[in-house]
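Engineer: Below: one structure in C-alpha cells.
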Amino acid sequence: MSTNMFRRAVAAVAVGVAALGIAGPGLTHAAPPPGPTSSVTAQSGETNSADGRRRMAAIQEEIAWQLARQPDGRQVAPNKIVWDKQGVELTLPMPGDDMAAMANCAYRLVCLFGDSDYNNGPDVQPWVLGFYACTQRDLGDWGKRNQMTSWDNNQTYGTQAWIFQYRDESHPEYGLIQLLMAPAPHQNPLVYPNDAADVIRPC
C-alpha cells in the first residue's frame, strides 16, 4: 500500500470516528449484523493513560489498514468493522474493555480469537474475527494467518465448523490440512497446534 493511500485511509477513519459521535455508550447503527458485543465504554483514565493512548493509536492504525485493504467494510464503532457482504466482522479490544465480555461469541457466529482464553491471555493486541456466512475464508485477507489461539463455534446446534492450515503457504494450490473441526456448541480456550490456522470454513 502506498503512503498516500494509507494516509487517506487514516483520514477516512478519523472522519468516520467523528461521524459516529464516539463519546460513550448508546452507539447505534442501522441493521446491525449478529456478532460479538464489544465494550465501547472504555474508562477515560484507561484511554488517557500513556498505554491507553498507544493502544488507541494502534487500533486506529489497524482500522485504517483493514479498510484500505478491504474497502467494502464499514466501521460501526471505534474498534469494530463489519463486512456485510462477506459475513465477517473484526473487533479490537479497547483500553478498559471487559475482556470477559469480549469472550461472548454471539449466537450463530464462529469466533476466532487472537489470544488464549478468548482474549483473556497475555497477548498485548488481541482481536476477534466473527464469521456468520457459510463461505470458506482465508484469514490472510485480514492479516490474521498463523495467529488464532482460541475459538468458539456458537452457531445453531450441530453446525460443523472447520479450521485449516495450508500445506505450503507459498503454494496454496498444494491444498489444505485440517487442524480443527467441531459441531456447535463448542469452545476451545487454547488450541493445538497454536498460531497455525490459515483458513476457516464456518459451516
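Taken together, the values in this text are just the output of simple stated rules run on the coordinates, not laboratory data. Predicted model only: the values in this text are computed from it and were never measured. Cβ coordinates were reconstructed from backbone atoms using ideal geometry, including for glycine residues, and neighbour counts include every protein chain displayed.
Engineer: Excluding VAL199 itself, what net charge comes from residues whose Cβ is under 14 Å from its Cβ, given Lys and Arg +1 and Asp and Glu -1?
Structural biologist: -1
Engineer: Something else now. Tally Lys and Arg at +1 and Asp and Glu at -1 over the other residues with C-beta under 15 Å from the C-beta of THR135: what net charge comes out?
Structural biologist: Details: positive: LYS85, ARG108, ARG137, ARG201; negative: ASP72, ASP84, GLU89, ASP138, ASP141.
Cβ neighbours under 15 Å give a net charge of -1.
Engineer: When the distances between all Cα atoms of region 54-183 are binned every 5 Å from zero, what whole-number percent does each bin get?
Structural biologist: 2, 10, 20, 23, 22, 15, 7, 2, 0
Engineer: Could you work out how much longer the chain between ASN104 and ASP168 gets when fully extended? Use 0.36 nm per residue separation minus the Cα distance between them, nm to one decimal. Working shown, then result.
Structural biologist: Numbers: separation 64, 0.36 × 64 = 23.04 nm, distance 3.31 nm.
Full-extension gain reported as 19.7 nm.
Engineer: Let me ask something else about it. Ordered by packing density, taken as the mean number of other Cβ atoms within 10 Å over each peptide's residues, highest first, how do 54-61, 151-158 rank?
Structural biologist: On the way: 54-61: 16.0, 151-158: 18.4.
Order by mean packing, descending: 151-158, 54-61.
Engineer: Separate question: Less than 13 Å Cβ to Cβ from ASN153, Lys/Arg counted +1 and Asp/Glu -1: what total charge do the surrounding residues give? It would help to have the intermediate numbers written out before the result.
Structural biologist: Details: positive: ARG108, ARG201; negative: ASP152.
Once positives and negatives cancel, what remains is +1.
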